[in-house]
Amino acid sequence: MTTSIKPSGGNAPGRTSSNLDRRNFFKVSSIIGGGIMFSAYIDTLGAATAWAAAPAGEFTANAFVKIFPDGTVQIVAKNPEIGQGVKNMLPMIIADELDVEWKSVKVEQGLFDMRVFQNQGAGGSTATPSNWMPMRRVGAAARAMLVTAAANSWKVPESECSTSAGVVSHTSGKKIKYGDLCALAASVPAPDLATVKLKDPKDFKIIGTSQKGVDNHLVVTGKPLYGIDMTLPGMLYACFHKCPVFGGKVVSANVDEIKAMPGIKHAFVVDGLTPLQLTSLVSGVAIVGDSWWQVQTARKKLNVTWDEGPTATQSSVGFAAKSLELSKQPSQRSLRKDGDFDGALKSAAKTVEAAYFYPFISHAPLEPQNTTAHFKDGKLEIWSPTQQPQSGSRQVAAALGIPETDLTIHISRSGGGFGRRLSNDYMIEAAYIATKVPVPVKLLWTREDDIQHDFYRPAGWHYFSGGVDAAGKLIAWRDHFVSFGEGNAFASSAGLNGGEFPAGFIPNLALDASVMPLGVPTGAMRAPGSNGIAFAIQGFIDELAHAAGKDPVQFRLDLLANQAPATPPAAPPPGATPGGGGRGGPQRYDAARATGVVKAVAERSGWGKTKLPKGTGMGVAFHFSHAGYFAEVVQATVSKDGAVKVDKVWVVGDIGSQIINPIHAENQTQGGALDGIAAALGQEITIDKGRVVQTNFNNFPLLRMKQSCPVDVSFLKTDNPPTGLGEPSLPPVIPALCSAIFAATGKRVRTLPISKMDLSWS
């Protein structure tokens, strides 16, 4: 597995931010031991990039640096670490602009604090684009103040001073370490953030180098880092038993009998709160006791009568039948209409119709959901592996009816998130239970809880029609997308964006949508929307390439060369509504970047240059999501009895001008590809009578080591702002794998998971 970079063409959560003069964005104070602390007040990236012209406004502290007399530098990582390497990445940016050696840096996880920090979330591959310039300015401003302090001390112009490895040097040969400048720098006026001088990227010393995870040693030696590790003196353990049918409510429960069991201190019914969108606290039974095992033992004796509610009538079989019914009717609304699809399809030399389906999927992180909470004297302290402490803070406060200023949230490292920990239901449950218990309480879900009470990746159906002309050019495309929602609103993460590729590249295109009601909770999952949409769209593109008699790579390159000229947005057709999913934002699709990664992955994989044995095939796909352009080739072998073995994956990505930490970039890319393969091969959540059928990893399988394969990773370095990497490598691998299976067997995979298909051949 290789990675290469190529050149190419104060704990007060919830407080409001302070009003600060632009020139006072930076504050310096002495700390115990004679050190110095730099605290930066900065806004989001959008404001950061406009500061030079922006008037004075409202700013919040987003990062801080402490320098000690011994030269040690402490840098706060403000965002939750869920395995994506952000605890390295953000401090690396600061440290490089500060001009210190990475070995001198100690990284500390930031406490959740809306007054000191902003956007303390993990999700959407946003950490890099949101923090690239702000974190650079934090480091550069601290460096500038140290230079000023040294120049004042020597009575020389600052222009004659330079920095390197935590030392300020003068042209005369004088040198002084940062640690020796602490007292002097504390009295230096703050520089203007708009004019602070940033490094030329060619002078980066830390950014662009591979740095191992700052928590690696603690992780492999089993030190307590994760939410599941949390213990407090006098702590009790809790479980929360919910109705197996989503939305069901407790009618009665034998809580008195449960309270009499060994080790059980409390057992009570929770009625749930409405609206659920605000609090996510559903009805159930809480059991609290001396140990987790005693609590789980008592849980097995629970006898609950449930009002299962309307979702008990819903099922995967019913959804499929309704989808087929809707597909045969006029669509409920149009998402986009270009040209004359019907006329173009009639004139096409060849036409193709196909229906694609992808199922509900559970996030299934290795660390089940958990939170520890202590409610005392009207104030609540929480330790939680959350991806979104901001929304968690709001929801907890709403559920308990207390101000957010009475909450303190400690962000624990997460044992996987993938979007599951964006939903803070587990945090709210723990907080609510804690208000009924006079000591700290730790809520820990079972694996079965985690799989059967998730916010699932929603299922989706795509009913395609397409046509190519006599020259093999794609001239007509229609997608009747059937999903979940109400009226003109899609369920969470169940939408299709009207600008989704190949929109804008086919002259006659219709994107239509119909929805059905859903009582099953859904939510963002790694590469939300894209993780299913890419499978369907790229799969159908491959079918059209085959119908056209064109090489799949060349067919895609020809399609990318056919982008319509940019025009002002047209008025939507009657009944049209914006799409959902947030997979690209409002910016124009960059066909050149997509073309670059497709060409590069074809070259790197040796596409078309090797004669493969019978039963082995290669497939290609590309996708744009979360500001990243990725193309992937999969080679797979299918045995005569239909067993699939993924031989190798090649990935080429374009995430802009800078790879901050190459080793983590490679790991994230490999993880995304393998995650996608796992989902494609065997993962499915099915609903029966409003409840989830699957229970554990025996019937919701993760990827086994023997199913893994080499993943070759490379990046194109392009003149674009750096973007995130947690998600965009996942979507293309699924259609690439399915196309490889077609190349090997002649059988199209239009329904996931692959394990449900008969792929045997002779």
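The values are calculated or read from the model by the stated rules, or taken from the named source; none is laboratory data. Model, not experiment: these values are computed from the prediction. When we count neighbours, we look across all protein chains shown, and the Cβ atoms used for this are built from the backbone with ideal geometry, even at glycine.
Worth a mention:
- Going through (1) over 30 Å from A344 (Cα atoms); (2) acidic (D, E); (3) assigned to a loop (DSSP other than H, G, I, E, B) one by one, E448 falls short only on (3).
- Matching residues, the stretch 247-260, being assigned to a loop (DSSP other than H, G, I, E, B) and small (G, A, S): G247, G248, A260
- Close pairs from the stretch 545-560: first farther than 17 Å from A354 by Cβ, partner part of a helix (DSSP H, G or I) and of a type in the set (S, T, Y), Cβ under 8 Å, at least 6 apart: L557/T595; L560/T595
- Number of positions in the stretch 708-758 that are over 30 Å from N661 (Cβ atoms) and either modelled with pLDDT under 95 or of a type outside the set (S, T, Y) (or both): 17
Listed here are the residues, each with its yes/no results for (1) in the same structural domain as Q84 (by TED's automatic domain parsing); (2) out of contact with any strand residue (DSSP E or B) (no Cβ under 8 Å at 6 or more places or on another chain); (3) in a loop (DSSP other than H, G, I, E, B); (4) modelled with pLDDT of 95 or more.
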residue: S172; (1), (2), (3), (4): yes, yes, yes, yes
residue: I176; (1), (2), (3), (4): yes, no, no, yes
residue: V188; (1), (2), (3), (4): yes, no, yes, no
residue: A194; (1), (2), (3), (4): yes, yes, yes, no
residue: H241; (1), (2), (3), (4): no, no, no, yes
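- Helices (runs of 4 or more DSSP H) completely within the stretch 261-347 that count 1 or more residues being under 30 Å from the mean Cα position of the chain (by Cα) and under 29 Å from G485 (Cβ atoms): 276-279, 316-327
- Residue in the stretch 724-732 that is crowded, with 17+ Cβ neighbours inside 10 Å and in contact with a Pro (Cβ under 7 Å, 6 or more places away or on another chain) present: yes
- Flag if A122 is in contact with a Leu (Cβ under 8 Å, 6 or more places away or on another chain) and surrounded by 21 or more Cβ atoms within 10 Å (Cβ to Cβ): no
Yes/no per residue for (1) under 30 Å from K78 (Cα atoms); (2) part of a strand (DSSP E or B):
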residue: Q390; (1), (2): yes, no
residue: A397; (1), (2): yes, no
residue: H410; (1), (2): yes, yes
residue: K436; (1), (2): no, no
residue: Y463; (1), (2): no, yes
residue: G485; (1), (2): no, yes
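- Of the listed requirements (1) in contact with a Gly (Cβ under 9 Å, 6 or more places away or on another chain); (2) in a helix (DSSP H, G or I), I659 misses just one: (2).
- Condition met for P224 (under 32 Å from the mean Cα position of the chain (by Cα), under 24 Å from F455 (Cβ atoms) and surrounded by fewer than 16 Cβ atoms within 10 Å (Cβ to Cβ)): no
- Condition met for S412 (under 21 Å from the mean Cα position of the chain (by Cα), under 22 Å from S291 (Cβ atoms) and not aliphatic (A, V, I, L, M)): yes
- Hits in the stretch 681-720 (condition: more than 30 Å from K599 (Cα to Cα), polar (S, T, N, Q) and not in a loop (DSSP other than H, G, I, E, B)): none
- Candidates are the residues of the stretch 462-483 that are surrounded by fewer than 24 Cβ atoms within 10 Å (Cβ to Cβ) and under 28 Å from E684 (Cβ atoms); the one that is farthest from the chain's Cα centre (by Cα) is S465.
- Looking across the stretch 186-217, the residues that are touching a Phe, Trp or Tyr at 6+ places or on another chain (Cβ under 8 Å) and hydrophobic (A, V, I, L, M, F, W, C) come down to A190, L193, A194, I206.
- For the stretch 109-126, the count of residues that are part of a helix (DSSP H, G or I) and small (G, A, S) is zero.
- Set G580, G585: member being in the same structural domain as D688 (by TED's automatic domain parsing), in contact with a strand residue (DSSP E or B) (Cβ under 8 Å, 6 or more places away or on another chain) and either at pLDDT below 95 or surrounded by fewer than 24 Cβ atoms within 10 Å (Cβ to Cβ) (or both): G580
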